[in-house]
Amino acid sequence: MIANNGRLKIAIQKSGRLTDDSVSLLRACGLEFEFQKQSLYSPCRNFDLDILALRDDDIPEYVQDAVADLGIVGENIVREKRAQVETITKLGYGHCRLTISVPQRSTIRTVGQLNRKRIATTYPSTLKQFLRSQKLKAEVIELSGSVELAPTLDVADAICDIVSTGTTSRMNGLRPLHVVLPSEAILIANRETMKNPAKKLLVDRLFIRISGGLQARGKRYMMMNAPSSAIPRLKRIIPSLKSPTVVPLAEEGMVALHSVIGEDVFWDVMEKLKRAGASDIVVVPIETIIK
Ligand code: AMP
């Protein structure tokens, strides 16, 4: 029995694709805890939070029913379970797409051609909702796994399944027809928790830490030296360099510029910065950005 002791309870996937990233996310928030897949319950030593390790399929319902206050789970599962929960934020990992695919040689080329066809899926609720929205009448065949084999076994004309890289689909001779739902890991909350002032305070404190980590993702802190006359040129090269920190150096006419930069653009602009007069460019990782 888990005590209702005023501490926040967050459910994460016990063992699967989202587990490692979810544990890393919580650790990056400065939370100290031991996490073992075998144990249901891991208390945080330095925050009023307990971590529950559960099957991801169960997380939306447990959060809806207040077994946990918060949950980290794929948006695809929350939608399929039609859970009555609040979505706090997307978390930027666990990206995938619930996709309708057909065999390579199928004559089905458009969503409309799925009318009166058989579609195998482990996501019957989301698929039926999609078919209704498209005014299509197709037979939904509910399977509990290995959906990609259904066309080969002539159990279905199409499948509706989770795809991330597309390798499994290709290996099974399938071609994507339509993305029903793009998905990633999300943070969800019980609706009553968000109305309880003491719990809401804890959720807000946790959210500041999580969003700080999300803001910092893909960003680097960059420092460089340059002659002060080069500042306008350097600002033009880096679009994000709206208002860099400029620190005078001991050497007359020289400054140090500090700024945050996206890691995706860094290598592109680095050579231009050098040509514009920057030297001694140092780039370091950022752990968090609190706005
Ligand atoms: P799993 O550990 O396989 O049960 O997957 C857990 C969650 O990871 C899924 O519900 C999706 O939200 C997400 N996910 C990301 N990529 C994939 C993928 N290729 N197949 C299945 N799930 C994926």
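Some observations on this one:
- With viscosity 1.567 mPa s and temperature 4 °C, the Kirkwood radius over alpha carbon pairs of the chain converts through Stokes-Einstein to a diffusion coefficient of 58 µm²/s.
- Descending semi-axes in Å of the stretch 47-175, equivalent ellipsoid built from Cα gyration tensor: 32, 16, 12
- Between Ile162, Ile59, Ile108, the Gaussian network model of the chain with springs among Cα atoms under 10 angstrom shows the greatest mean-square fluctuation at Ile108.
- Ranked for footprinting exposure by Cβ neighbours inside 10 Å, fewest first, Leu201, Leu153, Leu8, Leu143 give Leu153, Leu201, Leu143, Leu8.
- As a length-normalised measure over Cα pairs under 8 Å and 6 or more apart, the relative contact order of the stretch 96-183 settles at 49 percent.
- Ile188, Ile231 arranged by Cβ crowding within 10 Å, fewest neighbours leading: Ile231, Ile188
- Pairs of Cα atoms nearer than 8 Å and 6+ residues apart set the relative contact order; for the stretch 211-280 it is 45 percent.
- The GluC sites (Glu not before Pro) found in the stretch 238-291 that occupy coil by DSSP, while having at most 15 further C-beta atoms within 10 Å, are Glu251, Glu252, Glu287.
- Aspartates and glutamates whose Cα lies under 17 Å from that of Lys37, excluding same-chain neighbours fewer than 8 positions away: Asp20, Asp21, Asp50, Asp56, Asp57, Asp58
- Relative contact order of the chain, taken over Cα pairs closer than 8 Å and 6 or more residues apart, is 19 percent.
- In this structure, the residue pairs whose Cα-Cα separation is over 29 Å, taken from Lys9/Lys90; Lys81/Lys117; Lys199/Lys291; Lys14/Lys135; Lys9/Lys291, are Lys14/Lys135.
- Per-q log10 I(q)/I(0), the stretch 219-285, q = 0.12, 0.21, 0.29 Å⁻¹ (Debye; single scatterer per alpha-carbon; no solvent): -0.25, -0.78, -1.53
- With a cut-off of 13 Å on the backbone N, the residues of the stretch 262-291 near the modelled label site 7 Å out from Val247 along Cα-Cβ are 282.
- Taking the number of Cβ atoms within 10 Å of each Cβ as an exposure proxy, the fewest-first ranking of Thr110, Thr121 is Thr110, Thr121.
- With the simple model of a label 7 Å out from the Cα in the direction of the Cβ, Val140 to Asn196 spans 3.3 nm.
- 5 Å binning of all Cα-Cα separations within the stretch 170-263, expressed as whole percents from 0 upward: 2, 9, 13, 11, 9, 9, 9, 11, 10, 8, 6, 3, 1, 0
- Gain in span if fully extended, Met171 to Lys272, counting 0.36 nm per residue against the direct Cα distance: 32.0 nm
Every number in this text was worked out from the coordinates using simple rules, so none of it is lab data. Predicted, not measured: the structure shown is a model, and the values here were computed from it. Heads up, the Cβs are rebuilt from the backbone with ideal geometry, glycines too, and the neighbour counts pull from every protein chain shown.
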